[in-house]
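This report refers to the structure that appears directly beneath it.
Rule-based calculations on the coordinates, nothing more; no lab input. Given the structure is predicted, the values throughout are model-derived calculations rather than measurements. Don't worry about glycine lacking a Cβ; one is built from the backbone with ideal geometry, like all the others, and counts go over all protein chains shown.
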Amino acid sequence: MRAFKILAAIVLCLLSASGIIAQTDSIKPGIIKALGNRLDTKALFKYDSRYIEVPERPWRFILRGRLDEFKTDFINNNSFDYEDVTYNTCLEMNLDSKVNKSVGLWVGYRGLGIGYFYKLGKKPGVNLNISATGAKIGLNFRFRSMKFDQLHAKMDYMFTDTTVTDFEGDAHFFEPIDVVSFYFDGYYVFNGKNYSQAAAYNQAVIQKKSAGSLLLGATFYASGIDMAYNKNASLIHSCDSVGSISLGKIAIGLGYGYNWVPAKGWTINAMIMPNISVSDNVIRTKYDFNYDIFYDKDDTDDYGKWDSKNHVWENGKTHKNPTLNEYGNVEMPDDIEIWKVREDKNRTRWAFNYDVRVGISYCWSRYFVSANAIFNHYEYGRNNSKVNLIDWYTTFSLGIRL
């Protein structure tokens, strides 16, 4: 029912906008009209009319449904001392958003456009897209925010040439973790007069004859994963005291895109762009807490009150012995507190990644439908910290030109 109400509201906005846009020539200010005229002129004279048609109606309102997924695998090799024994550990963490469903509205004028998606389901999320495309250059920006309440983890302890798996399964968060990602890419089209990415992905123009082009692209990708909440202290300890991870990548690549026009109104696109990162940054922020994770039955001290400013108990100790619940397991109390102690930075470069896109659209009269999918794969780091990330989405669109 909620999804139906959202779709109904978007459709009403679409219908009401058709009447408003029809009157814009008489009401829009001079500076906006001048900008619109400039965009119209550039659009009309930058393309070969035998291959690409520039529609007379410059506005596009598009109702979109979207499926997307964010998957991250972390591998962290570390060591710690316990009871005079050094343990080498390998922690694998798999974070998967599953497949998210959302609906949204995209509004564009010529090659410019902005879209917002509302995530369906119980978990909140934000997804914003901005794009600018022309005959030679295209720019895209994507922002996404979401929450997770569990991950799949595996912890191996390695000592005396023996590997012991201490834990493997789903680890739940007492407080959901926050994930934010930014994606910005730009590309240059060598055969821009005859080939257009926009024909398949935002319908700014219509591809009339089949054509392809080499593409030169650059990408900036950044994401942050934050689980640094007091109630997540035991999980943070299992993650080598890492409470948040920030990822950053700059990559350049050379690829190829092709628009196939099997019949009038149809455009089928495929694009692949292998790329090499010129800068990778992985920052792991480590935290400490005021309780020990391991229980010491011989510790019977009276700790007194906790001093949050100086991070010390009243008896002078920095970590208090935890309590055991009725099942004999360590139980973290309500007054557990975490704080940041340092950042571990890992910088690498020359990692290989790839960007794959496919799309199909059909245009008739002033209407069009389309579907497209974009798949991004990234690898970060080396030695102690390795990250493998998959970020994909697919959209289904119904639009009108005004």
* Asked: So for the range 139-271, taking the charge dipole from beta-carbon charges (+1 Lys/Arg, -1 Asp/Glu), which of Asn232, Leu247, Ser181 sits furthest toward the positive end?
  -> Ser181
* Sorting Thr394, Thr267, Thr86, Thr318 on the 10 Å Cβ count, fewest up front, what's the list? -> Thr86, Thr318, Thr394, Thr267
* Structure fact -> Of the listed links Lys320/Lys340; Lys193/Lys249; Lys101/Lys249; Lys231/Lys286; Lys147/Lys309; Lys46/Lys208, those spanning more than 24 angstrom between alpha carbons are Lys193/Lys249; Lys101/Lys249; Lys147/Lys309
* Structure fact -> So for R0 = 35 Å, FRET eff. of Phe143-Asp302 from the Cβ-Cβ r, to 0.05, ends up at 0.10
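Quick one: compute the contact order of the range 208-290, relative version, from alpha carbon pairs under 8 angstrom and 6+ residues apart, as a percent. Before the final figure, lay out the partial values.
Working: 160 pairs, mean separation 30.8, N = 83.
Computed over the range 208-290, the figure is 37 percent.
Which of the peptides 137-144, 285-292 is most tightly packed, and how do the rest follow, judged by the mean count of other Cβ atoms within 10 Å per residue?
On the way: 137-144: 18.2, 285-292: 19.9.
Ranked by mean Cβ neighbours within 10 Å, highest first: 285-292, 137-144.
Considering Cα pairs under 8 angstrom that are at least six residues apart, work out the relative contact order of the range 173-325 and quote it in whole percent. Walk me through the numbers on the way to the answer.
Details: 303 pairs, mean separation 31.7, N = 153.
It comes to 21 percent, rounded to a whole number.
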* Roughly speaking, what is the stretch gain from Ile360 to Lys98, that is 0.36 nm per residue apart minus the C-alpha to C-alpha distance, in nm to one decimal? -> 91.8 nm
